[in-house]
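The values are calculated or read from the model by the stated rules, or taken from the named source; none is laboratory data. Quick caveat: nothing in here was measured; it's all calculated off a predicted structure. Virtual Cβ from ideal backbone geometry, glycine too; neighbours counted across all protein chains shown.
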């Protein structure tokens, strides 16, 4: 009997690979940004894993506030709506502070 290649299975594998890659990138980014803000990168990564991602909500909000203060701005109340893309906001603020000409 011939085994057919089911495309849905390939999409599931592709999705899992994308989630794994995104997760690894997030942990690498978290370790790098933790050192910028004088935090402990290993404890942050372990807490994110142990709390199944709940710690990442807190740490992203904390780093978003610190990165805004780094550039002399206050965190507005509506910035909580941008929490899903907070890593981009933090990275932009860090780049704005340490690499102003780019």
task: Could you pull out the residue among 66, 62, 2 that is surrounded by fewer than 12 Cβ atoms within 10 Å (Cβ to Cβ) and out of contact with any helix residue (DSSP H, G or I) (no Cβ under 7 Å at 6 or more places or on another chain)?
output: 2
Unmet criterion (only one of (1) surrounded by fewer than 15 Cβ atoms within 10 Å (Cβ to Cβ); (2) within 12 Å of the chain's Cα centre (by Cα)) for residue 35: (2)
query: Just to be sure, is residue 16 over 24 Å from residue 99 (Cβ atoms), in contact with a helix residue (DSSP H, G or I) (Cβ under 7 Å, 6 or more places away or on another chain), outside any loop (DSSP other than H, G, I, E, B) and at pLDDT below 95?
result: no
query: Looking at (1) surrounded by 15 or more Cβ atoms within 10 Å (Cβ to Cβ); (2) under 25 Å from residue 19 (Cα atoms); (3) more than 15 Å from the chain's Cα centre (by Cα), which is the one condition that is false for residue 40?
result: (1)
- prompt: Is it true that residue 29 is surrounded by 11 or more Cβ atoms within 10 Å (Cβ to Cβ) and either closer than 20 Å to residue 94 by Cα or touching a residue at least 40 places away in the same chain (Cβ under 8 Å) (or both)?
  reply: yes
- prompt: Is there any pair with a first residue in segment 70-89 that is on the phi > 0 side of the Ramachandran plot and part of a helix (DSSP H, G or I) and a second that is at pLDDT 95 or above and surrounded by 15 or more Cβ atoms within 10 Å (Cβ to Cβ) whose Cβ atoms are under 9 Å apart and which are 6 or more apart or on different chains, and what are they?
  reply: none
